[in-house]
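Encoded as structure tokens, the structure appears first; notes follow it.
The values are calculated or read from the model by the stated rules, or taken from the named source; none is laboratory data. Since this is a predicted model, take the numbers as computed values, not measurements. As a convention, Cβ positions derive from the backbone with ideal geometry for all residues, glycine included, and neighbour counts pool all protein chains shown.
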Amino acid sequence: MLEIRNLHVAIEEGTKKLLNGLNLTIRDGEVAAIMGPNGSGKSTLSYVIAGKEDYKVLDGEILLDGKNLLEMEPDERAAAGVFLAFQYPLEIPGVATMTFLKAALNAQRKGRGEDELTTPDFMRRVKAGAEKLGIPQDMLKRGLNVGFSGGEKKRTEILQMALLKPSIGILDETDSGLDIDALKIVSEGVNALRSAKRSFLVITHYQRLLNYIVPDTVHIMLKGKIVRTGGKELALELEANGYSDYVTNAAA
């Protein structure tokens with residue numbers, strides 16, 4: 001379970017807060033969606049959970065299964081079960097996708113005190129996951145994300161998540177830049193990973209992603225905090241009416 005309590009975050013002390021007393025609980029097996037206008041702090045939240053530098057936590061806690069993530073380095077958070085799928089995955093020329101996946105998986109296993117996978121075992125896992133996501137084997141030999149389409153980059157990230165088996169998967173606008181076919185493939189990959197022990201935080205602007213990855217709860221974020229929580233029907237309400245009512249109430 002992920003518990004965020006009274007989280008206050010800025011770029012540096014004395015600057016405007018990006019997260020302003022945010023509280024959020026995501027239970028095991030739950031898919032929680034966060035929606036909100038640009039600048040509401042959605043991506044900032046994902047980066048702070050994962051441990052990205054350049055953010056100053058002024059107050060609050062982030063607990064994963066009772067462990068304080070704020071006391072851990074990014075690699076320790078990953079080993080503890082945090083996975084972040086970026087809105088714009090980075091290209092790494094000269095590093096083959098297969099090499100990257102193996103290094104990431106074995107580094108995480110080492111962080112948990114587990115033995116590294118043998119090459120045959122690793123290859124079997126990658127082949128099975130790639131087939132489900134429509135990733136051809138020759139693509140895995142290319143430089144990571146180099147020359148990949150938006151859909152290929154996102155499918156590779158979902159493959160990485162499938163191999164790492166995190167406790168919580170954070171999808172930061174993973175639908176960005178995807179056509180409908182790629183969106184379906186990526187969503188099917190995420191849905192295949194849903195389980196009673198794995199939760200997801202889905203950050204999105206649009207209802208269309210939530211047609212495929214159906215959330216248990218939807219949270220509306222504004223000015224760095226959650227202002228309303230509801231069921232999946234809340235996303236439909238936002239699609240129809242937008243955020244104007246919430247922005248007006250916040251300004252009142």
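Okay, here's what the table says:
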quantity	calculated
Meets criteria (surrounded by fewer than 17 Cβ atoms within 10 Å (Cβ to Cβ) and aromatic (Phe, Trp, Tyr)) for residue 47	no
Matching residues, segment 68-77, being closer than 19 Å to residue 110 by Cα and either surrounded by 13 or more Cβ atoms within 10 Å (Cβ to Cβ) or of a type in the set (Val, Ile, Thr) (or both)	69, 72, 74, 75, 76, 77
Qualifying position, being crowded, with 21+ Cβ neighbours inside 10 Å and small (Gly, Ala, Ser), among 182, 162	162
Residue count for segment 165-179, restricted to those that are small (Gly, Ala, Ser), more than 13 Å from residue 204 (Cα to Cα) and either modelled with pLDDT under 90 or surrounded by fewer than 18 Cβ atoms within 10 Å (Cβ to Cβ) (or both)	1
Subset of segment 195-218 (residues that are over 16 Å from residue 38 (Cβ atoms) and either among the aliphatic types (A, V, I, L, M) or crowded, with 22+ Cβ neighbours inside 10 Å (or both))	196, 199, 200, 201, 202, 209, 210, 213, 214, 215, 218
Residue among 176, 195 that is over 18 Å from residue 125 (Cα atoms), within 15 Å of the chain's Cα centre (by Cα) and hydroxyl-bearing (Ser, Thr, Tyr)	176
Test: residue in segment 130-141 that is exposed (fewer than 15 other Cβ atoms within 10 Å of the Cβ) and either touching a residue at least 60 places away in the same chain (Cβ under 8 Å) or within 14 Å of residue 100 (Cβ to Cβ) (or both)	yes
Single residue of 148, 122 found to be aromatic (Phe, Trp, Tyr) and either touching a Ser or Thr at 6+ places or on another chain (Cβ under 8 Å) or under 27 Å from residue 47 (Cα atoms) (or both)	148
Verdict on residue 203 being under 19 Å from residue 133 (Cβ atoms), among the hydrophobic types (A, V, I, L, M, F, W, C) and within 18 Å of the chain's Cα centre (by Cα)	no
Residue match in segment 214-228 (condition: within 25 Å of residue 133 (Cβ to Cβ), among the aliphatic types (A, V, I, L, M) and in contact (Cβ under 8 Å) with a residue 40 or more places away in the chain)	yes
